[in-house]
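As structure tokens, the structure follows; a few thoughts come after it.
The values are calculated or read from the model by the stated rules, or taken from the named source; none is laboratory data. Remember, it's a predicted structure, so these values are computed and weren't measured experimentally. Because the Cβ atoms are built from the backbone with ideal geometry, glycine has one as well, and the counts that use them run over all protein chains shown.
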Amino acid sequence: MAYEEYLDLYLLAQNNPKALYYVVSFDVVNSKLMIPEKRTILQKNIEIIAQYVYNKLLDSEIRLQKQVVIKDKRFIRPWDSNATELNHNFRDPLIYGDTFQFTVLRDTVTKEEIIEWVNECKEILNMEEEFHIADGYYETNEYSEGRTKYYRTYCLQTLATLHKPRIQKELQKVKKHI
């Protein structure tokens, strides 16, 4: 099934206090219009931003004295030596083309904090690009539970495309039936 077929689970997860995982997603505006040289620089900058924000998340764990990032041995970081794994499900932060996403545990850090850190790094890198930003909750990292709980991969895909009119139209249809 296509991830769009799970938009009902997406909507339900947003109001479910048991949805323990929170994702903030950034997608570069109009990246398709960039010349290849600029896209190459953008890709390197996205990698720098991802590592910068991830380090801020780890600092938050110390500041808050609680877990912020997922501590699941299946999860890998893009800069880890074993990051050649093709399964993007367990990459965090996830960098996929011109989209990058951070997953944290619910009620630890806010979307605003993550945006602030991204903007700090953008300023350091002297980046002018703008982002479509979306955030949301999901309930499980287990594919086998994906029929009844909102699954990570569907959430990542939904948030990366939430700004697209086609997805907004589908979302409105689903809202009417819930």
Confirm whether Asn45 is outside any strand (DSSP E or B), within 13 Å of the chain's Cα centre (by Cα) and either loosely packed, with under 11 Cβ neighbours inside 10 Å or touching a residue at least 24 places away in the same chain (Cβ under 8 Å) (or both). no
Residue match in region 62-75 (condition: within 15 Å of the chain's Cα centre (by Cα), at negative phi and modelled with pLDDT under 90): yes
Of everything in region 124-145 that's of a type in the set (Gly, Ala, Ser) and part of a strand (DSSP E or B), which residue is nearest to Leu7 (Cα to Cα)? Gly136
Matching residues, region 62-73, being in contact (Cβ under 8 Å) with a residue 40 or more places away in the chain and surrounded by 11 or more Cβ atoms within 10 Å (Cβ to Cβ): Leu64, Lys66, Gln67, Val68, Ile70
Those residues that are surrounded by 21 or more Cβ atoms within 10 Å (Cβ to Cβ), in contact (Cβ under 8 Å) with a residue 60 or more places away in the chain and over 16 Å from Glu47 (Cβ atoms), I need them from region 93-113; list them, please. Thr103, Val104
With Tyr22, Tyr6 as the choices, which residue is among the aromatic types (Phe, Trp, Tyr), part of a helix (DSSP H, G or I) and surrounded by 12 or more Cβ atoms within 10 Å (Cβ to Cβ)? Tyr6
Could you say whether any residue in region 146-153 is in a helix (DSSP H, G or I), within 19 Å of the chain's Cα centre (by Cα), small (Gly, Ala, Ser) and surrounded by 11 or more Cβ atoms within 10 Å (Cβ to Cβ)? no
Over region 142-178, the set of residues among the acidic types (Asp, Glu) and within 20 Å of Tyr21 (Cβ to Cβ) is Glu142, Glu145
